[in-house]
1. Let me know the charge dipole size of the chain about its Cα centre in debye, to the nearest 20, where only the beta-carbon of Lys, Arg (+1) and Asp, Glu (-1) is charged.
2. What ³J(HN,Hα) values, in whole Hz, does the Karplus curve 6.51 cos²θ - 1.76 cosθ + 1.60 give for segment 223-233 when θ = phi - 60°, with x put for Gly and Pro?
3. Quick check: from the Cα gyration tensor, does the chain come out rounded (a/c under 1.5), prolate or oblate?
4. Listed highest first by mean packing, meaning other Cβ atoms within 10 Å per residue, what order do 140-153, 282-295 come in?
5. Along segment 74-84, what does the Karplus equation 6.51 cos²θ - 1.76 cosθ + 1.60 (θ = phi - 60°) give for ³J(HN,Hα), rounded to whole Hz, x for Gly and Pro?
6. Enumerate the calculated ³J(HN,Hα) couplings along segment 30-39 in order (Karplus 6.51 cos²θ - 1.76 cosθ + 1.60, θ = phi - 60°), each rounded to whole Hz, writing x wherever the residue is Gly or Pro.
7. Taking Rh as the Kirkwood radius computed over C-alpha pairs, what is the Stokes-Einstein D of segment 9-134 at 4 °C in a medium of viscosity 1.567 mPa s, expressed in µm² per second?
8. What does the helix-only formula give at 222 nm for the chain: each DSSP H stretch with n ≥ 4 adding -39500 (n - 2.57), the total divided by the residues, and the result rounded to the nearest 500 deg cm²/dmol?
Amino acid sequence: MVVRRPPGRRAQILAVAADRFHRSGYHQVSMTEVAAGVGITAPALYRHFRGKPELLDRAVRLGLDALADGLRAARTTGDLGAALAAVAVGHRPLGTLVQRDARLLPPARRAALRRELRADVALMTAVLSAERPELPQPDAELLCWSALSVCAGLSYQSVAPQPRRAEAVLRELVVAVLAARPGGAATGPAPAPAPAPAPPEPRPRARREELLAAAVRLFHQRGFDNVSTDQLGAAVGIAGPSVYRHFDSKAQLLAASLVRSRERLWHEVDGAIAAATGPEAALAAGLGAYVGFALRHGDYLGAMLSETERLAPPDRRVAVDFRRDFLRTWVALLRQVRPGYDAVEARIRVHALFALVNDGVRNRPHSARPDLGDCLLRLGRAVLGLS
């Protein structure tokens, strides 16, 4: 007897895998868990996909294919907004998978996915340049990458908003970003300058700080599981086993590095907000401080986004609580400045802002722009509805 596979089984598997990777992180999800989510056995799952890398690759490509299809049909920036918003809502895990998990794929697949994203941006840039021929090519490309980031921000919301509402807000945000003028001095405060260097510390303490900084950078760039203690030690000029003089385990080093990242972020941004007079000034000061922090500490933000799921459960709960408190502060402040926004719209805009800035400081070649801080301030204000 021939046993026929249910129609659409591969699509069902990819949807479950994308959702599991999105919620828990790639390394936290097993093939057995994906199979159980579909209602099949693990051996049956392997008849469709050879392993987790292929599952992740196919899940990302499914979303990118939908994005390319929508963009090829676009003729105006309004069409671009509709296409990006539809994919952001219909493939909500895509932003997380691309920004956090795709870096764990084999190098050849990472390069292929990057080429696909560049092709998508080329489609968008052609439409934008036709409407705004005065824009220099680098500015047009920056706006298009920023529009992608804004829509990816929806992935980071813990609870999905009502689809039609989310699409409407995201369409508006994409159009606002594509209409912005990225170059020149931005309205509002400049990004916060680098703080004064701390005084010299005793060598053992300094070595611990060096390890924390190196860990943040390496975990962000390569992923926790792809960084060895030998690599961590080499980054600060010591042997790998010497790392254990400062931290009991690599997991403890990860937890401590993310605690330090959160402390610095909160100190700089909350301090700027608290020092301002009035909600509008506070929001502008917070935006300037966040952009300034991102320009100086892009690895900190990247590691907080990409490695939180690798923490032990108690540490992960603390990190998630911090993220929620940080978000609540911004949402409440934005609603004071723009009382017409309800909580749903304010959350979408704040998540879009964070994604815009976090990606902007890491997306080469645009991250090397000397006016990047001004560009991010201007675009951030557009996303928050302040300009």
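Every number here is computed from the coordinates shown, using simple stated rules; none is lab data. Everything quoted here is computed from the prediction, not taken from an experiment. We place every Cβ from the backbone using ideal geometry, glycine too, and count neighbours over all the protein chains shown.
1. Working: 53 positive and 37 negative charges, 211 e Å.
Computed charge dipole of the chain: roughly 1020 debye.
2. x, 3, 6, 9, 10, 9, 5, 4, 5, 5, x
3. oblate
4. 140-153, 282-295
5. 6, 10, 9, 5, x, 5, 4, x, 5, 5, 5
6. My calculation for segment 30-39 gives 9, 4, 4, 5, 5, 4, 4, x, 8, x Hz in order.
7. In µm²/s, the coefficient is 84.
8. Values: 16 runs with 259 residues, N = 387.
The helix contribution divided over the chain gives -22000 deg cm²/dmol.
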